[in-house]
Amino acid sequence: MDLRFSDAEPTPDERVAVDAVLGPPASSWLGATDRTAADTRTAHTGRRVRDRRDELLPAFDAVQSAVGWISEGALMYICRHLSVPPAEAYGVATFYALLSVTEQPPRVLHVCDDVGCRGFGANELIADLEQWVGPEDEPVDGAMWLRSPCLGQCDRAPACYAQLAGTDDTTLVRAGVDDATAVLAGADVPPESVAIPQQGDDGLRLLRRVGVVDPTDLDAYRADGGYTALRRAVELGPEGVLRELTDANLRGRGGAAFPASVKWKAVANAPRRPKYLICNADESEPGTFKDRVLMEGDPFAIIESMTIAGFAIGAEQAYFYIRGEYPLATTRMRHAIDQARRRGFLGTDVMGTGFAFDIELRRGQGAYICGEETALMNSIEGYRGEPRNKPPFPTVAGLFGQPTVINNVETLINVLAIVRDGGQAFAAIGTTDSTGTRLFCLSGAVVRPGVYEVDSGTTLRELIILAGGDVDAITAVLLGGAAGAFVTADQLDLPLSFEDAREAGLGLGSGVVMVFGPDADVADAARRIARFFRDESCGQCVPCRVGTVRVEEALDRYLSNGHDDGDRTLIDEIDRVMKDASICGLGHTAGTAIRSALDKGLLGDPT
Amino acid sequence: MSDTTLRTVTVQLDGTDIEVAEGTTLLDACRSQDIDTPTLCYSDVLHPVNACRVCVVEVEGSRPLVPACSRAAEDGMVVATDTERVRHSRKMVLEFLASSVDLSYAAEEVHGWMDRYQVDSGRYGPPAPPDGDRDERKAHAGHHGAVDGFTAETVAQPAKIDNALYMRDYSRCITCYKCVEACGEDAQNTFALTVAGRGFDAGVSTEYDFALGDSACVFCGNCISVCPTGAIMFRSEYELREAGLWDEDRQEVTRTVCSFCGVGCNLDLHVQDNRIVKVTSPQDHDVTRGHLCIKGRFGYDYVQQLPDPMTTPIDEVLAAARRST
């Protein structure tokens, strides 16, 4: 590999930011300013340097966070440092919405105009911003605003995420134009902490500590029963943990509902080492915010769950891949990982048991697709977040080609109760095939939006009533997120379990229950969903890359030009090829919600 | 001791049981039975990226269709290559491409598949006009302009002509990743090309859209030889096509051995009007696998001292070529 770099130099600020993550360059070959005598004789730019490729995204993150964009000089410096071809690095940087390769102002406000916010103040906020600040994507006085996909704050709409160079990012919830302009002007607005409607309820299992136990204090966590599950896991041994997990029949909560024990056992039994664990915290499904609530409210529980998983499957290294637009959750998780490491709950000798386990936090950079497990692995490895073709599955060849378990936050946190109380006790909750409790994200036309924990099998009606929704005034419910489907009032008695949902031709997805009231504009939501998938398609495979564009165009024609039956047929045909021939779940589900809205007559009947 | 016995697996292909060597792809299995399977991003000399999805087949037990180019045959697999689902997906993939990309220079077989699957690219609306900002849009992942309710978005954009040897017309690019692979780890190890941007705005690019001369490009032209749609082309071919003078019927292909070094790469010289207009190398040649270096690919001028096509009108270049016969 013969790399060619341009002459562009990094600014001192960029250099400092990169060196803080990658360390100072070891020689002038890797970007050091002074050429030593040794450098004229030897060059160490081979495999050992290239093996650090996975530090590419953290290096970009550092420059973006410090300076506000990635200049040619900064990119070249990072590429020298890691021996990455500049073109490849450019391909990676341009993949992510939060990284900018063109100069942009230091304060960028990402204003959610997605399905959860647009009917609840986002449209008004955007109109105000246009009036008082200026048009979208136009820098004014060191600041600008952009429309954004869902920011995972749907219970507190409208939401904004402020990407602030040189200082901590923040989130605005229930945002008005005053807050927004204040942040754009450089005011310091700390992110608002988490609250859940059921806070303090006795029946809570997963949410028990949220809002009750200090999420920044390891001792408070331990005083509340923290780390008893890990002790129990050590007593049980890896095989014992796997047995309990099998008895518990725990299914993944990320959307695919795959049995967790199957993944764990496959990796535990794999002869190849090292093995990896990944916690998928790239929660980006529109309408979803449950994992954020867990991260902000009970971070040590996530760390303990991951440690048990690592112990059971024989992984010593884990990655925690967190959505970039979650600044408070990132701070809490970083702090908790630091605390746990400092106190011997992570590291080379976890709790004196001789078991080594550590967690590295990686931030996503604005790409819904990176919630797809193999795209996430490519992202960690420093490549474009494009999904891989399966097989091979991650349990065989996952992160860095090694056997890997990847679970999302909610899935993993269930492990604590399974280990502590036994798999059978866990399986006694919920239904036969959907064990345990589940978190649902209630938003839209309900009085008390938020994350709710209920037994699997609870009906949609019960859940909406719990959140104070008027079940007699429902136009539709978006179940499972943008990748889910619209259901109508006649389906409210659907029990929320995998098997009942499957029988009804639905999925629970990531637990989104977005309620559309009598005034809601479902057609507008459908258009936004079409735009979302077009924006978030990675562009790798033709069915999804072009199909998401054609769906948006056909839906627009259908809604604007008198509901032509030809456009309706076209949407069905496009949805079929995306479902049949796309590489990953994004393409498979990109047309589902729109088709369901059409099927239910929510977008008007074809002529 | 290594196991030297060749293991075989039996798959049922369109109702017929066939035995193939373990590791054989479904595409190769199809080929062994003379089942014509369309491919665009697949090449015998590159790792399959299975991005175009035009080769999909139906495998019993798999909910989505699977790409034949990269799925290995497994014992007992039941594969169908001409079901309604397969035909629908192939038709749609070809329609998506035909409605968004200029496929006029794609190989004849591609047009044959479009006929076979009854591709009607017009039903997505009239094509949107060319867009000069597509490179800029690569730098804005996650955002796109409003649809106009009328036209079908395309990748039409101005051609990039920034050097004397070859040009790039991404209006013809189906983003099959072949040039990126040939430039990178599958052949040249130069990594001058990447896919940048995301979604429909993703496309092949150098870093910051640098001109090729400022990029890592070493002008081996291996990207040209793998491009299935003429998006990357010899300048000589491009100029002749623009002048309406490109005529493959009048071309002769002469195989020779490159004279520049001792490796012995085979060259196929494409000659029109006694002038070399293009150089390729046979893909089945076990030295080159179709790949060449700048000398073999472009270093032919010394055999035909003709006026420089960069500075001389193409008619005069051709006239000079005719005079030299």
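Scanning the stretch A:276-312 for residues that are open to solvent by 10 Å² or more (accessible area, probe 1.4 Å) and of a type in the set (Phe, Trp, Tyr) turns up A:Tyr276, A:Phe311. Taken over the stretch B:77-97, the criterion of being at the interface with chain A (Cβ under 10 Å from one of its Cβ atoms) and among the aliphatic types (A, V, I, L, M) is satisfied by B:Val86, B:Met92, B:Val93, B:Leu94, B:Leu97.
In the set B:Lys160, B:Lys178, only one residue is more than 10 Å from chain A (Cβ to nearest Cβ), open to solvent by 10 Å² or more (accessible area, probe 1.4 Å), within 15 Å of the chain's Cα centre (by Cα) and basic (Lys, Arg); that residue is B:Lys178.
Matching residues to (1) surrounded by fewer than 17 Cβ atoms within 10 Å (Cβ to Cβ); (2) outside the structural domain of A:Pro86 (by TED's automatic domain parsing); (3) not hydrophobic (A, V, I, L, M, F, W, C):
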residue	(1), (2), (3)
A:Asp7	yes, yes, yes
A:Ala20	yes, no, no
A:Ser28	yes, no, yes
A:Ala37	yes, no, no
A:Thr40	yes, no, yes
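Does A:Leu164 meet the test of being under 21 Å from the mean Cα position of the chain (by Cα), modelled with pLDDT of 95 or more, farther than 16 Å from A:Leu129 by Cα and not assigned by TED's automatic domain parsing to the domain that holds A:Arg448? So A:Leu164 passes the test. Candidates are the residues of the stretch A:423-449 that are of a type in the set (A, V, I, L, M, F, W, C) and in a helix (DSSP H, G or I); the one that is least open to solvent (accessible area, probe 1.4 Å) is A:Phe426. Taken together, the residues in the stretch B:25-76 that are more than 14 Å from every other protein chain (Cβ to nearest Cβ) and either over 24 Å from B:Gly290 (Cβ atoms) or open to solvent by 30 Å² or more (accessible area, probe 1.4 Å) (or both) amount to 11.
Among the residues of the stretch A:130-168, which ones are among the acidic types (Asp, Glu) and surrounded by fewer than 22 Cβ atoms within 10 Å (Cβ to Cβ)? Selection gives A:Glu130, A:Glu136, A:Asp137, A:Glu138, A:Asp141, A:Asp168. Consider the stretch B:219-258 and keep the residues that are of a type in the set (S, T, N, Q) and touching a Lys or Arg at 6+ places or on another chain (Cβ under 9 Å). The one that is surrounded by the most Cβ atoms within 10 Å (Cβ to Cβ) is B:Asn222.
Testing A:Glu410 on (1) away from every other protein chain (no Cβ under 14 Å); (2) out of contact with any strand residue (DSSP E or B) (no Cβ under 9 Å at 6 or more places or on another chain), one condition comes back false. Which one is that? Answer for A:Glu410: the failing condition is (2).
The condition of being touching a helix residue (DSSP H, G or I) at 6+ places or on another chain (Cβ under 9 Å), more than 7 Å from every other protein chain (Cβ to nearest Cβ) and surrounded by 24 or more Cβ atoms within 10 Å (Cβ to Cβ) holds for only one of A:Ala581, A:Ala523, A:Ala530, A:Ala504, that being A:Ala530.
When residues in the stretch A:486-501 are screened for being open to solvent by 10 Å² or more (accessible area, probe 1.4 Å) and either within 26 Å of A:Glu372 (Cα to Cα) or touching a Phe, Trp or Tyr at 6+ places or on another chain (Cβ under 7 Å) (or both), 3 of them pass. Evaluation of A:Arg420 against the conditions (1) assigned to a strand (DSSP E or B); (2) over 29 Å from A:Asp575 (Cα atoms) shows that the sole unmet condition is (1). Checking every residue in the stretch B:196-204 against the condition of being over 30 Å from A:Leu75 (Cα atoms), open to solvent by less than 20 Å² (accessible area, probe 1.4 Å) and within 14 Å of chain A (Cβ to nearest Cβ) gives zero matches. Among the residues of the stretch B:277-299, is any aliphatic (A, V, I, L, M), open to solvent by less than 30 Å² (accessible area, probe 1.4 Å) and within 16 Å of B:Glu239 (Cβ to Cβ)? Within the stretch B:277-299 (the criterion being aliphatic (A, V, I, L, M), open to solvent by less than 30 Å² (accessible area, probe 1.4 Å) and within 16 Å of B:Glu239 (Cβ to Cβ)), the answer is yes, since at least one residue qualifies. Per this entry, B:Pro309 is not counted among residues that are assigned to a loop (DSSP other than H, G, I, E, B), within 21 Å of B:Ser43 (Cβ to Cβ), in contact (Cβ under 8 Å) with a residue 60 or more places away in the chain and open to solvent by 20 Å² or more (accessible area, probe 1.4 Å). Does B:Asp135 satisfy the criteria of being in contact (Cβ under 8 Å) with a residue 60 or more places away in the chain, out of contact with any Gly (no Cβ under 9 Å at 6 or more places or on another chain) and either surrounded by fewer than 24 Cβ atoms within 10 Å (Cβ to Cβ) or within 12 Å of chain A (Cβ to nearest Cβ) (or both)? Taking the combined requirement at face value, the residue does not satisfy it. The residues listed here are B:Val218, B:Val253; of these, the one that is farther than 22 Å from B:Asp308 by Cα and modelled with pLDDT of 95 or more is B:Val253.
Only residues that are closer than 21 Å to B:Asp135 by Cβ and either more than 12 Å from chain B (Cβ to nearest Cβ) or of a type in the set (Ser, Thr, Tyr) (or both) were counted across the stretch A:84-126, and they come to 5.
Residues in the stretch A:560-573 that are assigned to a helix (DSSP H, G or I) and facing chain B (nearest Cβ under 9 Å) were compared, and the one that is nearest to the chain's Cα centre (by Cα) is A:Glu573.
Selection over the stretch B:136-158 of residues that are part of a loop (DSSP other than H, G, I, E, B) and over 23 Å from A:Tyr558 (Cβ atoms) gives a count of 9. Looking across A:Val262, A:Val234, one residue alone is modelled with pLDDT of 95 or more, open to solvent by 10 Å² or more (accessible area, probe 1.4 Å), among the hydrophobic types (A, V, I, L, M, F, W, C) and under 19 Å from A:Asp358 (Cβ atoms). It is A:Val234. In the condition set (1) of a type in the set (Ser, Thr, Tyr); (2) open to solvent by 30 Å² or more (accessible area, probe 1.4 Å); (3) under 27 Å from A:Leu75 (Cβ atoms), A:Thr374 is compliant with all but (2). Tallying residues that are within 20 Å of A:Phe426 (Cβ to Cβ) and open to solvent by 20 Å² or more (accessible area, probe 1.4 Å) within the stretch A:208-231 yields 5. Selection of helices (runs of 4 or more DSSP H) fully inside the stretch A:1-119 by the criterion of at least 3 residues being within 30 Å of A:Glu285 (Cβ to Cβ) returns A:56-67, A:86-93. Filtering A:Gly444, A:Gly468, A:Gly480, A:Gly450 for residues that are outside the structural domain of A:Gly287 (by TED's automatic domain parsing) and free of Cβ contacts under 8 Å to residues at least 60 places away in the same chain leaves a single hit, A:Gly468. Being modelled with pLDDT of 95 or more and farther than 17 Å from B:Ala159 by Cα holds for only one residue in B:Val226, B:Val263, and it is B:Val226.
The values are calculated or read from the model by the stated rules, or taken from the named source; none is laboratory data. For clarity, every value in this text was computed on a predicted model and none was experimentally measured. For neighbour counting, all protein chains shown are included, and Cβ atoms are generated from backbone atoms with ideal geometry for every residue, glycine included. Note: areas computed on protein heavy atoms with side chains; ligands, DNA, RNA excluded. Shrake-Rupley method; radii C 1.70, N 1.55, O 1.52, S 1.80 Å.
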